[in-house]
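Computed from the coordinates by the stated procedures, all read-outs in this text should not be read as laboratory data. As the structure is a computational prediction, the values presented were derived from the model and not from experiment. Please note: Cβ atoms are built from the backbone with ideal geometry, for glycine as well, and neighbour counts cover all protein chains shown.
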Amino acid sequence: MEFDFKSYHLRGIHATTEAEKRSINQELKDLYDSLTVEEKRIFNLELQKFLATEMGRLSSDYEAIKNQIPQA
């Protein structure tokens, strides 16, 4: 089983209102609530992997940008 966290992530980023963001979060919570215990375990592992990957990517992007800014 593979969950598409990126689609939820991108939808959340591009949501134009707080209500839309809450709706997306609720959709993800409802999905989680519908899972079996084993599916929840897999969901949590995949979510941790997704978050670690995204944080690593953001950190790399930050470092690349930071290194391009001249030091005063």
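See the values below:
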quantity: Point-charge dipole on Cβ atoms (K/R +1, D/E -1) for the chain, about Cα centre, debye to 20; calculated: 240 debye
quantity: Inter-label distance for Thr53 and Gln68, nm, one decimal - labels placed 7 Å from Cα along Cα-to-Cβ; calculated: 2.4 nm
quantity: Lysine pairs meeting the criterion (Cα under 19 Å, 8 or more apart or interchain), as found in segment 5-68; calculated: 8
quantity: Backbone HN-Hα couplings from phi across segment 2-13 [Karplus 6.51/-1.76/1.60, Hz, Gly and Pro as x]; calculated: 9, 9, 9, 5, 4, 5, 5, 4, 5, 4, x, 4
